[in-house]
Structures are given as C-alpha cells and as structure tokens.
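**Q** One structure is given below, represented as structure tokens, and several questions about it will come after.
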Amino acid sequence: MPGLLAFHAHPDDEATSTGGVLARYSDEGGQVVVVTATDGAEGEVHNYENPEDIRTRLAEIRAEEMAAAAAVLGISQHHFLGYRDSGMMDTEPNQHPDCFWQADFTEATARLIRLIRRHRPEVMTIYDPFGGYGHPDHIQVHRVGLAAFFAASDTRRFPLEEGETIWNPIKLYMSTWPRSRVEAMIQGRLKAGLITEEEAKESEGWGTPDEDITTLVEVTPWVDRKVAALRAHRTQIPEDWFMLQVAEEDVPVVLGLEAFQRLYSRVDAPYRETDLFEGIR
C-alpha cells in the first residue's frame, strides 16, 4: 500500500480538511504521515473556563491535542516542522522572527524535504495558493509544500544527508471544499435556524467550482473518526462549530466526501478520481 504525507498549517487542520482520508488510508494499511508547520500558539481557546491561563501554554496543549487526534485517525507518524504560529496578516505575531511566515524559504523547504526523503510518500497534500481563506501559514504551506514536492530529488540545492536517498513523490494535491458542498452546508444551517438569510448570502460564491474538483474521496464510514479527531482539538473546536452541527441527512455530502484538486501526477490518472492513489495501486 502506498503512503500519504499530508502537510498542514496548524494542529486541527489535519482533521478539518483531511481527517476522513487519513483514517481511511490508515485502515487500508497505508503509511499515513502528517506534518504540521506550526505550533498553533496563536489559536483560540474554547471549552475552558480559564482561557487566559490556557493561552500561556497553548502551544503545549495543542501538541497534546494533536497527539490525541493522531491516535484517533491512525496516523503513522506526526512531525512538527518547528515554526511558531504566524497569526493573521498585519498582526504582531505575524512579525515574530520564529513564525512560519517569516521563515527562510529554502530552510523551510529543506526541513520538509528531509521528511519526504525519510518517509518516501507516493502522495502529498497541501493547500491552494490562497491557503483556503488567506491565513499566512496556509499560504506558506502551499508555497513550501509545492517547492518540496518538486525539489525532493534536487541534490544540488538540498544535498543528501547521511542515510538519505533520493525520493520523488508521485502525485500532489490541494485539499479544498467544492462550492456545492458549501451551499449544502449553508442551506442546512439556514433550514435549522442556525444562521440568518443575510449570513447565508455572505457565503455565496465561496468554495472551489465543482468543475475544478478532480478528486472526491468517499469517507462516510470514517466520519465518526473525523468528528472524534475534531473534538480532540478541544481548545479550537467549540460545541457550536459548524462541522459539529451538520444534520444527519447532510452528512454524506458535507462530511462524507473529501475533495482535492490534483496539481501534478507522474503517472497517468483520469481527470476525475475517487482515490488519491489512482494510477498507483
């Protein structure tokens, strides 16, 4: 069974956008590796009565939450890339010298390449160029992940270290949300009285056009694991969060399918796929 390396920005992102595929491919016997770029130190604090006390050690707590989520999803290996959470654009944390947004691009790429060469995944996932919603760390995941995918075999700029051998991942994907899924989710929340008509209109046009989606992976049997992994990220996921309020009839569309755009493949594969390993296994 081929292996998957999912590159994410913060602890909890792995469950939000790829929790189903991580659990599915783990159960199918694949090596499932998650690399988290940052420590999540600038995240929110939910589900605690003393959020200010929690905030002083949020990075430590989020590492514990990440370990719990990884166990739920069956992740084979998890690594932090070693950067501080960058916060949002034009904020003080975004200028911190240790944050991912301020990282030396070549050094960050080299760190990820070390892990690619160690785990030798056939498939990698990153985000789109906008990082889904414009978060600096998500944008940086796209940049660094894209560079590392293509430079993993570049021994001139990234010489082999002791014990390393050249490795070229075969397929590269961006995780995304199809526009039809966003619409189904919004209409479900509107019908349940969870949002107003005005709030529903604000979400119009969000998501990736369905015709641009190359890969839809069925993960309905793993939805409970995905939700359990989300709940493991206790500080980040409030009980009224939208992915915990999906009506049962909407689960197959909103949570039961995970969507990707294929950026590159070194093997022949159809434009429309139902498996990230199409053409490999």
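The values are calculated or read from the model by the stated rules, or taken from the named source; none is laboratory data. The model shown is predicted, which means the values in this text are computed figures rather than measured ones. Positions of Cβ are backbone-derived with ideal geometry, glycine not excepted, and every protein chain shown enters the neighbour counts. Accessible surface areas use protein heavy atoms only, side chains included; no ligands, DNA or RNA. Shrake-Rupley method; radii C 1.70, N 1.55, O 1.52, S 1.80 Å.
**Q** Between a first residue in the stretch 1-25 that is among the β-branched types (Val, Ile, Thr) and a second residue that is in a loop (DSSP other than H, G, I, E, B), which pairs have beta carbons less than 8 Å apart while being 6 or more apart in sequence or on different chains?
**A** Final answer for the pair search is 21/219; 21/276.
**Q** Sticking with this one: Looking only at the stretch 155-200, count every residue that is free of Cβ contacts under 8 Å to residues at least 12 places away in the same chain and within 16 Å of residue 115 (Cα to Cα) and tell me the total.
**A** 4
**Q** Which of the residues that make up the stretch 225-256 are among the basic types (Lys, Arg), open to solvent by 40 Å² or more (accessible area, probe 1.4 Å) and either touching a helix residue (DSSP H, G or I) at 6+ places or on another chain (Cβ under 7 Å) or closer than 21 Å to residue 187 by Cα (or both)?
**A** 225, 234
**Q** Is it the case, given these coordinates, that residue 234 is in contact with a Pro (Cβ under 7 Å, 6 or more places away or on another chain), in contact (Cβ under 8 Å) with a residue 40 or more places away in the chain and in a loop (DSSP other than H, G, I, E, B)?
**A** Taking the combined requirement at face value, the residue does not satisfy it.
**Q** Then there's this: Out of all the residues in the stretch 194-220, which are open to solvent by 60 Å² or more (accessible area, probe 1.4 Å) and either more than 20 Å from the chain's Cα centre (by Cα) or modelled with pLDDT under 90 (or both)?
**A** Correct list: 194, 196, 197, 198, 199, 201, 202, 204, 206, 211.
**Q** I need a count of the residues in the stretch 129-147 that are in contact with a Ser or Thr (Cβ under 6 Å, 6 or more places away or on another chain) and in contact (Cβ under 8 Å) with a residue 60 or more places away in the chain. Let's see the steps before the verdict.
**A** Restricting attention to the stretch 129-147, the residues satisfying the condition of being in contact with a Ser or Thr (Cβ under 6 Å, 6 or more places away or on another chain) are 136-137, 144, 147.
Filter once more, so that each one left must be in contact (Cβ under 8 Å) with a residue 60 or more places away in the chain: 137, 144.
Matching residues across the stretch 129-147 total 2.
**Q** Among what's in the stretch 210-241 and is in contact with a strand residue (DSSP E or B) (Cβ under 8 Å, 6 or more places away or on another chain) and of a type outside the set (Val, Ile, Thr), pick the residue that is nearest to residue 71 (Cα to Cα).
**A** 218
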